[in-house]
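Comments concern the structure below.
The values are calculated or read from the model by the stated rules, or taken from the named source; none is laboratory data. All of these numbers come straight from a predicted model, not from anything done at the bench. For neighbour counting, all protein chains shown are included, and Cβ atoms are generated from backbone atoms with ideal geometry for every residue, glycine included. Surface areas here come from the heavy atoms of the whole protein model, side chains and all, with no ligands, DNA or RNA. Shrake-Rupley method; radii C 1.70, N 1.55, O 1.52, S 1.80 Å.
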Amino acid sequence: MDGPGNSRKMSTCELNGDEEILNRKDLDPTAVVFDPIPPVVASKSGLNGVDENGSVERKKSGSQREIVLGRNIHTSCLDITEPEANEEVTGDKEVYMASVLCRYRQTLLERTKHHLGYPYNLDFDYGDLAQLQHFSINNLGDPFIESNYGVHSRQFEVGVLDWFARLWDIEKDEYWGYITNCGTEGNLHGILVGREIFPDGILYASKESHYSIFKAARMYRMDCIKVETLVSGEIDCADFKARLLANKDKPAIINVNIGTTVKGAVDHLDLVIQTLEESGFSHDRFYIHCDGALFGLMMPFVKHAPKVSFKKPIGSVSVSGHKFVGCPMPCGVQITRIEHINALSRDVEYLASRDATIMGSRNGHAPIFLWYTLNRKGYRGFQKEVQKCLRNACYLKDRLRDAGISAMLNELSSTVVFERPQDEEFVRRWQLACQGNIAHIVVMPNVTIDKLNTFINELLERRSSWFQDGKCGPPCVASDIGAESCVCPLHK
């Protein structure tokens, strides 16, 4: 927003005025984030498992390694205080808040620079959309039926839905969908549709499925069976078949992963369908939801990749909008067959519309951001970005292996899995996602070769100190990524 007040704030931030502000006697320095990488502090028992330094206790999971939790944010939260009586005259609080926001922006820049472990595309520019931030855009209710609330973006939302419908081979008059608030909501909706069709159905999901699938099972009080996986992370269809045969009397609701959370493994959709058919399940006795959070948008642009298509007997597909697309706010796309949605849809007089969504109010800005990006990049633009990610992922895997570090990269994936760094501060610095003895990097369009080289060089420097005494060596991760990808002394 432009205006005299904002121009004063910007000059305070950008013309080195922040130093003067931060030296004010009445400024609370603890309210400003100086260190974007807080140190890991040894845990001591305290209130709710938090010590006096704000470090959260490590949690044990059975016989597995301890789970290291992050800081308790209450130790660094920014309090909200009432303005002083003379605030309108002095403007001290506005100056203080401007300084906090300036410091926070610097923190965001630093943390973005060292971000590798989570699947967010940080390469975007939505400056043209700033003019719309003045409006409260809300797409509450059904995206295809206008409500009495006129400040909406349904025309953008349906345009985005039509684009994804073409991507997944379903006609406009055969699908229903909406733009969700996140990828988890897409999974919650897909599983809910399956449960409404088969109230007594059993939910089957591989043990490496996203945790939101098992959250859905708890929320909906569904019987849920975790299916074993191959070392790649892909669902083990032999185990899946055994589970199906043991429960032939009940319909099956299946979550198929189009890219698992940790290893980026893609469940073989055609083999899953074949296993259902061989186990005696006709198409009217199963429902398949495809969780394509990240790779659901990448796979259509990968040569020889198995196709996710509504021409196959699937019920729904969901993807995240803030991952590969690069939307700055969490959102997602959920599409299902229109004949399935009647079980959920209800007329709402208050809205003068229908509703079959999970949430009530829905972010009306997200569809505009998605529409903007899809128009700018198009199918060819996304294809180029997918190819770049796959090339850079291969480069990272090869560099790690050449350096004597265990690493695995699944076919069709840009997620590189490698041995977990021994230093939790290093893990937090690069924001790596870890599970047990492994960590991963998700190579997104914003991850350049230079950034990967910086990471590798720092990792090698730190790693030399972890094993320098010779008393211990790199961990064996053969059980996690396979013996052929492990370079520990036993498998080297």
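Condition first: buried (at least 18 other Cβ atoms within 10 Å of the Cβ) and hydroxyl-bearing (S, T, Y). Now tell me which residues in the range 211-244 satisfy that.
Across the range 211-244, the qualifying residues are S212, T229, S232.
Of everything in the range 419-436, what is surrounded by 18 or more Cβ atoms within 10 Å (Cβ to Cβ) and under 17 Å from G473 (Cα atoms)? Give them in sequence order.
E419, R420, P421
Restricting attention to the range 375-391, does a residue exist that is within 25 Å of S464 (Cβ to Cβ) and open to solvent by 60 Å² or more (accessible area, probe 1.4 Å)?
There is no residue in the range 375-391 that is within 25 Å of S464 (Cβ to Cβ) and open to solvent by 60 Å² or more (accessible area, probe 1.4 Å).
Can you go through D173, D169, D162, D200 and tell me which one is touching a Pro at 6+ places or on another chain (Cβ under 8 Å) and surrounded by fewer than 17 Cβ atoms within 10 Å (Cβ to Cβ)?
Just a single option satisfies the conditions, and that option is D200.
Return yes or no: is D169 among the acidic types (D, E), in contact with a Ser or Thr (Cβ under 8 Å, 6 or more places away or on another chain), at pLDDT 95 or above and not in a helix (DSSP H, G or I)?
yes
Do we have L396 as closer than 23 Å to S309 by Cα, among the aliphatic types (A, V, I, L, M), in contact (Cβ under 8 Å) with a residue 12 or more places away in the chain and buried (at least 17 other Cβ atoms within 10 Å of the Cβ) here?
Answer is no for this residue.
Tell me, please, whether a residue that is in a loop (DSSP other than H, G, I, E, B), over 27 Å from V442 (Cα atoms), of a type outside the set (V, I, T) and open to solvent by 10 Å² or more (accessible area, probe 1.4 Å) can be found in the range 256-277.
No, because not a single residue in the range 256-277 is in a loop (DSSP other than H, G, I, E, B), over 27 Å from V442 (Cα atoms), of a type outside the set (V, I, T) and open to solvent by 10 Å² or more (accessible area, probe 1.4 Å).
Among the candidates V416, V447, which residue alone is free of Cβ contacts under 8 Å to residues at least 40 places away in the same chain, crowded, with 17+ Cβ neighbours inside 10 Å, within 19 Å of Y120 (Cα to Cα) and not acidic (D, E)?
Result: V416 is the single residue among V416, V447 that is free of Cβ contacts under 8 Å to residues at least 40 places away in the same chain, crowded, with 17+ Cβ neighbours inside 10 Å, within 19 Å of Y120 (Cα to Cα) and not acidic (D, E).
In the range 318-363, what residues are closer than 17 Å to R195 by Cβ, modelled with pLDDT of 95 or more and crowded, with 20+ Cβ neighbours inside 10 Å?
S318, Q334, T336, listed by residue number.
Tell me, please, whether a residue that is outside any helix (DSSP H, G or I), among the charged types (D, E, K, R) and closer than 22 Å to L294 by Cβ can be found in the range 204-217.
Looking for residues that are outside any helix (DSSP H, G or I), among the charged types (D, E, K, R) and closer than 22 Å to L294 by Cβ, one finds at least one in the range 204-217, hence yes.
Checking F124 against (1) over 27 Å from S209 (Cα atoms); (2) within 17 Å of the chain's Cα centre (by Cα); (3) open to solvent by less than 80 Å² (accessible area, probe 1.4 Å), which test does it fail?
(3)
In the range 141-154, what count of residues is obtained for those that are under 19 Å from T336 (Cα atoms) and either open to solvent by less than 50 Å² (accessible area, probe 1.4 Å) or not in a loop (DSSP other than H, G, I, E, B) (or both)?
4
Could you tell me whether V272 is closer than 30 Å to A439 by Cα and without any contact (Cβ under 8 Å) to a residue 40 or more places away in the chain?
yes
Report yes if some residue within the range 439-455 is at pLDDT 95 or above, among the β-branched types (V, I, T) and in contact with a Lys or Arg (Cβ under 8 Å, 6 or more places away or on another chain); otherwise report no.
No, there is no match, as no residue in the range 439-455 is at pLDDT 95 or above, among the β-branched types (V, I, T) and in contact with a Lys or Arg (Cβ under 8 Å, 6 or more places away or on another chain).
Which residue, of V231, V308, V272, is of a type in the set (V, I, T) and touching a Cys at 6+ places or on another chain (Cβ under 6 Å)?
When all the criteria are applied, what remains is V308.
Hey, any hits in the range 361-383 for a residue that's outside any helix (DSSP H, G or I), over 21 Å from the mean Cα position of the chain (by Cα) and touching a residue at least 24 places away in the same chain (Cβ under 8 Å)?
yes
Regarding I179, is this residue under 18 Å from A356 (Cβ atoms), open to solvent by 10 Å² or more (accessible area, probe 1.4 Å) and of a type outside the set (S, T, Y)?
no
So which residues in the range 414-438 are in a strand (DSSP E or B) and more than 17 Å from the chain's Cα centre (by Cα)?
If the condition is that a residue be in a strand (DSSP E or B) and more than 17 Å from the chain's Cα centre (by Cα), then F418, E419, I438 are the ones that fit.
Please enumerate the residues belonging to the range 450-463 that are closer than 21 Å to I481 by Cα and either surrounded by fewer than 17 Cβ atoms within 10 Å (Cβ to Cβ) or without any contact (Cβ under 8 Å) to a residue 12 or more places away in the chain (or both).
Selection gives L460 alone.
Filter the range 303-317 for residues that are at pLDDT 90 or above and within 24 Å of Y118 (Cα to Cα); which is least open to solvent (accessible area, probe 1.4 Å)?
Per the stated criteria, the residue is V317.
Touching a Leu at 6+ places or on another chain (Cβ under 6 Å), under 25 Å from S209 (Cα atoms) and β-branched (V, I, T): which single residue out of I335, I314, I288, I358 fits that description?
Selected residue: I358, the only one of I335, I314, I288, I358 that is touching a Leu at 6+ places or on another chain (Cβ under 6 Å), under 25 Å from S209 (Cα atoms) and β-branched (V, I, T).
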